[in-house]
Amino acid sequence: MKTPARRSERVDQESEAKVTTPVALRARAKKNCSKTRAVRVRPEYPLLTRSSAEMKLLAPEFFQIDALDLAPRLLGKFLRRDNVVLRITEVEAYRPNDSACHGRFGVTPRTAPVFGPGGHAYVYLCYGLHMMLNIVADKEGVGAAVLIRSCSPVTGLETIQERRGQKTDKPVLLNGPGKVGQALGLSTEWSHHSLFSPGGLELLDGGEDVEKIMVGPRVGIDYALPQHVNALWRFAIADTPWISAPKNTLKPL
């Protein structure tokens, strides 16, 4: 799969008081092919057209780019732990010098994982209740990550329901970052875990492209500076119900 043009360079050229909409992802239409490769998501479970054993771990280089470039590329990728496989449907980018990013505090015992090399997990406890999974981006020492906001179930539905304490196959099962962390059975001990190494928690490429993406401002960061509150750094797969609220702030990219 070819790499889409980077958006981070254009954003960095803007003044600090202005954050632009990310450059639109290039169209992924293939020559001599009348059908789109986008995975339609009604219903989303089960989703795989191939066995999870055929999915491939992503290389470390995939993650070691600006968080704003990494975020949309994570859409449609798969998280696997034991018998549970989830498809990533919604993410948020958090960058260096971003007043909403945990990296703004510098390196502390809590934030140290986000300053690690791209491709590792950063899991933190939110409000003393929710385990939030982030994919560390960029090079070691940068302090950037992508929050996994929502997923859809692929395999292990009964395990997901047991961990969530909710007997449903509706989007409410996984439409929020705390729900994703719970479904995967994560704790802060998963921070620093390599997502490109076999075993434990893995991030996989299933070979499917996401054709249509929605963008909008990030959620729950009212404490940040206005330019960061309004930055369109939230990305979601279009035409899927497996995304979190608010949905009306998401617009086609």
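The values are calculated or read from the model by the stated rules, or taken from the named source; none is laboratory data. Computed from a predicted model, the values in this text were never measured in an experiment. Please note: Cβ atoms are built from the backbone with ideal geometry, for glycine as well, and neighbour counts cover all protein chains shown. We work out accessible area using only protein heavy atoms, side chains counted, and drop any ligands, DNA or RNA first. Shrake-Rupley method; radii C 1.70, N 1.55, O 1.52, S 1.80 Å.
Return yes or no: is Asn175 surrounded by 16 or more Cβ atoms within 10 Å (Cβ to Cβ) and touching a Cys at 6+ places or on another chain (Cβ under 9 Å)? The answer is yes for Asn175. Consider segment 194-219 and keep the residues that are within 15 Å of Val146 (Cα to Cα), in a loop (DSSP other than H, G, I, E, B) and not basic (Lys, Arg). The one that is least open to solvent (accessible area, probe 1.4 Å) is Leu195. Set side by side, the residues Ala231, Ala224 differ, and just one is touching a strand residue (DSSP E or B) at 6+ places or on another chain (Cβ under 9 Å) and of a type in the set (A, V, I, L, M, F, W, C), which is Ala231. So is Ser150 closer than 22 Å to Val84 by Cβ, of a type in the set (Ser, Thr, Tyr) and assigned to a strand (DSSP E or B) or not? Against the criterion (closer than 22 Å to Val84 by Cβ, of a type in the set (Ser, Thr, Tyr) and assigned to a strand (DSSP E or B)), Ser150 qualifies. If only residues of segment 116-133 that are at positive phi and at pLDDT below 95 are counted, the one that is least open to solvent (accessible area, probe 1.4 Å) is Gly128. Residue count for segment 220-253, restricted to those that are assigned to a loop (DSSP other than H, G, I, E, B), closer than 13 Å to Gly76 by Cα and not charged (D, E, K, R): 4.
Contact map, segment 161-176: residues that are free of Cβ contacts under 8 Å to residues at least 60 places away in the same chain paired with residues that are open to solvent by 40 Å² or more (accessible area, probe 1.4 Å) and part of a loop (DSSP other than H, G, I, E, B), Cβ distance under 7 Å, separation 6+ or inter-chain. Pairs shown: Gln161/Lys167; Leu173/Gln166.
None of Phe105, Phe115 is of a type outside the set (A, V, I, L, M) and free of Cβ contacts under 8 Å to residues at least 24 places away in the same chain except Phe105.
In segment 84-115, which residues are open to solvent by 10 Å² or more (accessible area, probe 1.4 Å), assigned to a loop (DSSP other than H, G, I, E, B) and at pLDDT below 95? Correct list: Pro96, Asn97, Gly106, Val107, Thr108, Pro109, Arg110.
Residue count for segment 234-253 satisfying the condition of being of a type in the set (Lys, Arg), within 16 Å of the chain's Cα centre (by Cα) and farther than 19 Å from Asp69 by Cβ: 0. Looking at this structure, is Glu162 part of a loop (DSSP other than H, G, I, E, B), open to solvent by 30 Å² or more (accessible area, probe 1.4 Å) and among the charged types (D, E, K, R)? Answer is no for this residue.
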